[in-house]
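Each remark here refers to the structure printed beneath this line.
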Amino acid sequence: MTYDIQPTASHFIDGQYVEDKNGTPIPVICPVSEEQVAIVYEATPAIVEQALTAAKRAQGAWEAMTGTERGRVLRRAAEIMRERNYDLSVLETNDTGKPLQETLVADATSAADALEYFGGLAGSLTGEHIQLGDDFVYTRREALGVCVGIGAWNYPTQIAAWKAAPALACGNAMVFKPSEQTPLCALKVAEILHEAGAPAGIYNVIQGMGDVGAALVTDPRVDKVSLTGSVPTGRKVYAAAAEGIRHVTMELGGKSPIVIFDDADLEDAVGGAILGNFYSSGQVCSNGTRVFVQSGIKEAFLKRLSERLKDVKMGDPLDESVNFGPMVSGRQMEIVQGFIAKGIEQGARLVTGGQREGDKGYFLQPTVFADVTDDMVIATDEIFGPVLSVLDFDDEDDVLKRANATDFGLAAGVFTNDLKRAHRMVAGFEAGTTYINTYNLAPVEAPFGGSKLSGVGRENSKAAIEHYSQLKSVYVGMAPVEAPF
């Protein structure tokens with residue numbers, strides 16, 4: 001981890017890097033060495049004003065371009081991103097601690113997919129014609145205006161593009177605030193978009209913590225807020241946005257179930273549980289951390305899972321043979337350690353893991369609990385770390401009720417070779433994103449989002465267009481106007 005990752009400046013506004021060291025310093029701590037590897041400065045009120053002014057000024061001309069012209073910019077940005085995938089992946093690995101083996105295929109590549117997909121869609125964003133006798137109505141699909149994006153720390157590059165791509169395709173401008181934990185990657189997204197031809201001011205990135213987010217969300221020039229984050233943060237942002245009746249998309253947390261029936265392919269089920277609990281060191285919002293295993297295969301499942309976890313390799317994430325990275329921060333590691341202690345205290349059986357690995361770096365072993373009951377804290381609260389809870393079940397109807405007995409509703413999965421049962425289960429799941437015989441895949445072509453406390457609105461796919469645009473109806477009268485007097 002020896003790369004120089006200090007950015008040119010803390011913010012990217014109006015097509016260029018901007019610095020204001022009057023802001024509070026935000027140190028970037030390497031999760032492997034625990035040392036400071038870069039520093040950025042929180043946006044001052046002057047920086048916030050500069051970003052919003054630039055976005056407001058630039059938006060009208062961007063919207064006035066044809067969708068094909070806007071799409072060309074997004075597709076070019078996708079090409080540049082793919083050309084620089086290695087360097088962007090190294091930056092993401094330094095920023096988050098995620099293994100390069102993972103970031104090379106899951107981060108900038110996913111961001112490029114979003115830019116390419118919405119770039120291709122931009123030219124097709126049209127209204128419709130509705131004939132009403134001789135009269136007719138036509139609709140115009142118009143931009144919302146200035147959008148604010150607020151990112152989470154687990155997928156900084158991906159989230160920056162997942163919000164930028166549909167927003168810009170629809171003709172909006174955006175001010176994006178990345179998480180203060182991982183502030184670096186969004187700057188590169190802004191830089192690449194500008195290089196690809198996005199006009200100055202169309203996509204701006206400013207740094208900061210909650211106060212900066214609040215200043216953005218409550219500004220009267222802002223028409224839309226899109227947040228990826230925790231439920232507590234989501235409540236605050238949603239309430240603040242509601243004051244101005246702003247459009248809102250919320251992609252929040254989860255406590256998602258994976259239900260494994262005894263006729264499932266064991267190897268696939270174990271693989272799905274690994275993807276749903278230990279990818280990105282468990283720091284994924286849609287993770288299926290409540291793994292319901294039918295009694296007949298419970299011990300076989302635990303045995304095979306424990307065997308496959310022996311293939312975990314921790315170490316320098318820039319070593320491409322390493323497949324498991326540290327937690328993003330010391331604070332997050334402590335939170336997860338607290339949940340592990342609580343699981344043991346409440347009587348769950350620790351099957352494997354549960355310890356910190358080494359004395360430097362925020363590494364936690366993949367942890368598996370069995371004999372978990374529905375009321376244990378590890379089964380009710382979002383942990384956001386590498387902790388898998390196995391719960392027993394026998395009956396389909398019963399397990400569906402238990403799977404839904406949560407305030408969250410982001411994702412859910414089922415493993416079974418009985419396809420009728422599989423479709424019954426996904427129809428019954430109270431979740432926005434569901435899986436049959438796989439888990440945690442999120443292609444840009446498919447809508448992604450949650451229900452209940454896990455959020456509102458959808459990201460990705462054509463569905464995202466509805467959340468970054470609005471329809472205007474135009475009634476055209478072709479006959480004399482009739483009035484009562």
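Contact order, relative form, for the chain: 18 percent (alpha carbon pairs under 8 Å, 6 or more residues apart, mean separation divided by residue count). The fraction of all Cα pairs in the chain landing in successive 10 Å bins from 0 to the largest distance is 4, 20, 28, 25, 15, 6, 2, 1, 0, given as whole percents. Using the Karplus relation 6.51 cos²θ - 1.76 cosθ + 1.60 with θ = phi - 60°, the per-residue 3J(HN,Hα) values for segment 162-178 come to 4, 8, 5, 4, x, 4, 6, 4, 7, x, 8, 10, 9, 10, 10, 10, x Hz, with x marking Gly and Pro.
What is the angle, in °, between the Cα long axis of helix 298-309 and the longest principal axis of the Cα atoms in the chain? Nearest 10 is fine, range 0 to 90. Approximately 70 degrees, to the nearest ten. Each listed q (0.16 Å⁻¹) maps to a log10 I(q)/I(0) for segment 19-162 from the Debye sum over equal C-alpha point scatterers, namely -1.07.
Only the Cβ atoms of Lys and Arg (+1) and of Asp and Glu (-1) were treated as charged; on that basis the dipole of segment 96-220 about its Cα centre amounts to roughly 240 debye.
Taking the centroid of alpha carbons for each part, segment 360-396 and segment 174-203 are 36 Å apart. How much accessible area per residue does segment 46-89 have, counting only protein heavy atoms and a probe of 1.4 Å, in square angstrom? Value returned for segment 46-89: 49 Å² of accessible area per residue.
Annotation: amide H of residue 14 within the under-5 Å range of 201, sequence separation 5 or more or interchain, hydrogens built in the peptide plane. Each peptide among 136-143, 265-272 gets the average number of other Cβ atoms lying within 10 Å of its residues, and from highest to lowest they stand as 265-272, 136-143.
The translational diffusion coefficient of segment 376-485, from Stokes-Einstein at 25 °C and 0.890 mPa s with a Kirkwood hydrodynamic radius over alpha carbon pairs, comes to 141 µm²/s. Structural descriptor for segment 276-324: relative contact order 27 percent, calculated from alpha carbon pairs under 8 angstrom and at least 6 residues apart. Rounded, prolate or oblate, given the Cα gyration tensor of segment 159-228, with a/c below 1.5 counting as rounded? Verdict is oblate for segment 159-228. Carbon-plus-sulfur fraction of the accessible area of the chain, 1.4 Å probe, in percent? Whole-percent figure for carbon plus sulfur exposure: 51.
Counting Lys and Arg as +1 and Asp and Glu as -1 over every other residue whose Cβ lies under 11 Å from the Cβ of residue 459, the net charge comes to +1. The angle between the Cα long axis of helix 419-428 and the longest principal axis of the Cα atoms of the chain comes to about 60 degrees, rounded to the nearest 10.
The residues of segment 330-416 expose on average 41 square angstrom of accessible surface per residue, using a 1.4 Å probe on protein heavy atoms. Between 0 and 90 degrees, the angle of helix 231-243 with respect to the longest Cα principal axis of the chain falls at about 20 degrees. Taking Cβ atoms as reference points and 12 Å as the exclusive limit, the residues near residue 17 contribute a net charge of -3, counting Lys and Arg as +1 and Asp and Glu as -1. A simple spin-label model places pseudo-atoms 7 Å from Cα toward Cβ; at residue 341 and residue 313 they are separated by 3.4 nm.
Using only Cα coordinates, the Kirkwood hydrodynamic radius of segment 190-321 works out to 18.7 Å.
The values are calculated or read from the model by the stated rules, or taken from the named source; none is laboratory data. In this text the structure is predicted, and so the values were computed from the model without any measurement. Positions of Cβ are backbone-derived with ideal geometry, glycine not excepted, and every protein chain shown enters the neighbour counts. Side chains included, ligands, DNA and RNA excluded: accessible areas come from the protein's heavy atoms. Shrake-Rupley method; radii C 1.70, N 1.55, O 1.52, S 1.80 Å.
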